[in-house]
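Every number here is computed from the coordinates shown, using simple stated rules; none is lab data. Please read these numbers as outputs of a predicted model, since none were measured by experiment. So basically every Cβ, Gly included, is an ideal-geometry build from the backbone, and we count neighbours across all protein chains shown.
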Amino acid sequence: MRCGPATPSAQTLYLYCFRQGLESRPGVFARHYLGFTRDLEQRDAEHRAGSGSPLLRAALAAGLEVTIVRLWPGGDRKLERRLKKTKNLPRYCPICNPELNEAAERIGQKGL
Ligand SMILES: [Zn+2]
């Protein structure tokens, strides 16, 4: 049973960009990490402490600059799966796809 007022649902999807890319397998470079959380601040802290995603831990260990470049407020697991399935995360990254900047807000509101 919960006490006190329920905290407002702050679920969101978030996208990290590593800029330089991390060689995860020979010749295969990962540049992005997409995740889902209900507490972005805490999740970000976990990632940076190395207790979150192994991919982010490896990127940080390699000295890469790891930045949250985009949020999908209200995004759920379904949207996360859909975005991951495109295998084209750079398309959703405003750093890697500068054209996105103009359309980002409009697209964000549509959930993609
Ligand atoms: Zn990027």
Legend entry - Ser51-Cys96 FRET efficiency (beta carbon distance; Förster radius 30 Å; 0.05 resolution): 0.65
Legend entry - For segment 22-37, 3J(HN,Hα) per residue [Karplus equation, 6.51 cos²θ - 1.76 cosθ + 1.60, θ = phi - 60°, Hz, x = Gly/Pro]: 10, 6, 8, 9, x, x, 10, 10, 8, 10, 9, 9, 9, x, 10, 8
Legend entry - Rounded to whole Hz, the Karplus (6.51, -1.76, 1.60) HN-Hα couplings of segment 62-67, x for glycine and proline: 7, x, 6, 7, 10, 10
